[in-house]
Amino acid sequence: MELQTWYQKDYQEDSIPGISLDKWYRLNKKKPKSKNIIVAVIDTQIDINHEDLQGQFWTNEKEIPNNGIDDDDNGYIDDINGWSYTGTKNGGYVVWSNYEYVRIVRDWGPLFAGKTDSQIDAQDLYKYKEYHRALKELEDKNKYYKNWFKSLNHNVAIYPLVKDTLKFFFPKEDYSYKQLDSLYKKYKINDKRYKQRRDDNDKDLGALISYMMVNLEVNEKTFEEVRDMQTQLDSIVNKKLNIEYNERLLIGDNPNVLEKGYGNNNVSNNKEGHRPIKNHCTKVAGVIAANRQNDIGIKGIVQDVKIMPLNILPKGDEHDKDITMAIRYAVDNGAKVINMSFAKEFSLHKEWVTEAFKYAEEHNVLLVHCAANEGLDVDKNPFYPSDNDFEDYKEISVNFINVGSVTHNLDSTFVSDFSNFGKQNVDLFAPGDEIYSTSPGNKYVFDSGTSLAAPMVSGTAALIWLYYPKLTVQEVKQIILDSGTAYNLEVIVPGTKDKKALFSELSKSGKVLNVFDAMQLAEKVSKKKL
């Protein structure tokens, strides 16, 4: 099997549970009725110079580049290819931000801290419960990460000593786990040679050997990788989980007030000294729109499409304000599909996002969202944004598709072990395991996640509208759900070791995306409208 293109295959023709994309392109003889469909990708920064995405980006033709003027009077200066809502005043972007539960504890603490249920008004009871859920999450995560950080700091401190000590026994540092194990056993049976190597003030030799054995067996990390992890954990403890940290000072806005114009226009930015943050969006965009005509790299789902990058994702949780403003920007600037490959377990201003969903619905715009990668039942564990308000469990719009991930294994491991699921709140599944896509720097990599399943659906929706532009957003959503492929098999429920359920019970449709069948059904629905 060609793993790089497995998800484009057809089960009937290839015995591979893909989305039947190749089959549709091979058999289709029609020409699209629309020229281009704009797909907004609300995500991280993107590599706008990637070789396989050239010609595939949206351009705001009403804006004169780099003149410092809001030429189209849309509230954004020089927004040529989109907008970065995490852009800073100095032209950079925010790398680290709080988790949403940290913001809830900070913002709602003055209202609810120290109060009992009987002291809370009925209209505030939901927020009160969410505050306590957030507080517990913060306490648990603080304990976990601070302990890990403390342990890692010890590892960083002791690592050079371990390396130096083992050089006495292995001058070329070419030891294996088996050799260290043998050395450790000799030490433990009090071999005099090794006891003489140890002074009273030295670290215990057995502990040093054991440390390196664990590193080889479990971590398999170099010292540089350990140091890098130390830096990452430092930022988690002191930024993501720090109630005093406020990344919005770098942006210069108030995250509790809706407004236009904050951020900057640099959607392809990357700071020196940080891991490239452009990876995620570049992969997502590649699935949707990698150039199908240039004979390099990969082939996206649809050629006649323009990607509109909208940056909102830092390392941490995205702000509801940024989600809201990005959705409204996409709608106002002509997007028909909005891909949202991000998720969080709390929502500080979900009412703003709800209104943005409805705004998109009113303008016939489809929202496609990844179900997230926690291996949880999202009917019981809320993930945001969602078309379920999780307060009285009502559906708030009809233009939202939540997508889980499947593998290429048509057996009990068919559903990706990381994928969230839910009979009510996951609409269908799409391939999201071992997906080959574009990566920054003209590279191509495999990656897995529901983040890569969502753009499969976004690309399909764009393809439907290219050929059948008169369909409503509700019709397009229903076509995608109804036309999916049903598989009658038992699968391991994500988040469990061996609990099984029928695949049909893990999503609302019980199906996997099928492009060929979706286009066939779209044609039938369109003819009925004539």
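The values are calculated or read from the model by the stated rules, or taken from the named source; none is laboratory data. All values derive from a computational prediction rather than experimental measurement. Cβ placement follows ideal geometry from the backbone for every residue including glycine, while neighbour counts extend to all protein chains displayed.
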Self-check item: Criterion violated by TRP465 - all others in (1) outside any helix (DSSP H, G or I); (2) more than 14 Å from the chain's Cα centre (by Cα) satisfied
Solution: (1)
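Among PHE346, PHE342, which is under 24 Å from MET456 (Cβ atoms), modelled with pLDDT of 95 or more and under 20 Å from the mean Cα position of the chain (by Cα)? Break it down into steps so the answer makes sense when it comes.
Numbers: PHE346 fails: under 24 Å from MET456 (Cβ atoms).
Exactly one of PHE346, PHE342 is under 24 Å from MET456 (Cβ atoms), modelled with pLDDT of 95 or more and under 20 Å from the mean Cα position of the chain (by Cα), namely PHE342.
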Practice problem: Would you tally the residues in the range 100-140 being in contact (Cβ under 8 Å) with a residue 60 or more places away in the chain and in contact with a Gly (Cβ under 9 Å, 6 or more places away or on another chain)? | Solution: 2
Quiz item: Can you find even one residue in the range 16-38 that is touching a Lys or Arg at 6+ places or on another chain (Cβ under 9 Å), under 30 Å from ASP317 (Cβ atoms) and not in a loop (DSSP other than H, G, I, E, B)?
Solution: yes
Quiz item: In the range 19-50, what count of residues is obtained for those that are under 23 Å from the mean Cα position of the chain (by Cα) and of a type in the set (Phe, Trp, Tyr)?
Solution: 0
Practice problem: Could you look through the range 408-433, keep only residues that are charged (D, E, K, R) and surrounded by fewer than 17 Cβ atoms within 10 Å (Cβ to Cβ), and pick out the one that is nearest to LEU367 (Cα to Cα)? | Solution: LYS423
Quiz item: Can you pull out the residues in the range 288-309 that are among the charged types (D, E, K, R) and more than 11 Å from ILE38 (Cα to Cα)?
Solution: ARG292, ASP295, LYS299
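Would you check which residues across the range 419-474 are over 18 Å from ALA518 (Cα atoms), of a type in the set (A, V, I, L, M) and in contact with a Gly (Cβ under 9 Å, 6 or more places away or on another chain) and list them? Before the answer, list the steps.
Step one: filter the range 419-474 for residues over 18 Å from ALA518 (Cα atoms), giving 419-426, 432-452.
Now drop any that are not of a type in the set (A, V, I, L, M), which leaves 426, 435, 445, 452.
Passing the criteria: VAL426, ILE435, LEU452.
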Quiz item: Which number in (1) under 29 Å from ASP417 (Cα atoms); (2) exposed (fewer than 14 other Cβ atoms within 10 Å of the Cβ); (3) touching a helix residue (DSSP H, G or I) at 6+ places or on another chain (Cβ under 8 Å) marks the one condition that LYS497 misses?
Solution: (3)
Practice problem: Kindly check whether there is at least one residue in the range 231-251 that is touching a helix residue (DSSP H, G or I) at 6+ places or on another chain (Cβ under 6 Å), over 15 Å from TYR101 (Cα atoms) and either assigned by TED's automatic domain parsing to the domain that holds GLY109 or surrounded by fewer than 17 Cβ atoms within 10 Å (Cβ to Cβ) (or both). | Solution: yes
Practice problem: Would you please name the residue that is nearest to GLY206 (Cα to Cα), looking only at residues in the range 134-162 that are surrounded by fewer than 14 Cβ atoms within 10 Å (Cβ to Cβ) and among the charged types (D, E, K, R)? | Solution: LYS150
Quiz prompt | Selection status of LYS306, basic (Lys, Arg), surrounded by fewer than 22 Cβ atoms within 10 Å (Cβ to Cβ), closer than 28 Å to ASP70 by Cα and modelled with pLDDT under 95 | solution = no
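With VAL493, VAL473 as the choices, which residue is in the same structural domain as PHE342 (by TED's automatic domain parsing) and more than 27 Å from ILE37 (Cβ to Cβ)?
Values: VAL473 fails: more than 27 Å from ILE37 (Cβ to Cβ).
Selected residue: VAL493, the only one of VAL493, VAL473 that is in the same structural domain as PHE342 (by TED's automatic domain parsing) and more than 27 Å from ILE37 (Cβ to Cβ).
Scan ILE327, ILE298, ILE396 and give me the residue that is surrounded by 24 or more Cβ atoms within 10 Å (Cβ to Cβ) and not aromatic (Phe, Trp, Tyr).
Details: ILE298 fails: surrounded by 24 or more Cβ atoms within 10 Å (Cβ to Cβ); ILE396 fails: surrounded by 24 or more Cβ atoms within 10 Å (Cβ to Cβ).
The match here is ILE327.
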Quiz item: Is it true that GLU130 is buried (at least 18 other Cβ atoms within 10 Å of the Cβ), under 24 Å from the mean Cα position of the chain (by Cα) and over 30 Å from ILE48 (Cβ atoms)?
Solution: yes
Exercise. Considering only the range 488-508, state which residues are under 24 Å from the mean Cα position of the chain (by Cα), modelled with pLDDT of 95 or more and among the small types (Gly, Ala, Ser).
Key: SER507
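Any idea which of GLN54, GLN8, GLN4 is over 23 Å from ASP411 (Cα atoms) and polar (S, T, N, Q)?
Values: GLN8 fails: over 23 Å from ASP411 (Cα atoms); GLN4 fails: over 23 Å from ASP411 (Cα atoms).
Exactly one of GLN54, GLN8, GLN4 is over 23 Å from ASP411 (Cα atoms) and polar (S, T, N, Q), namely GLN54.
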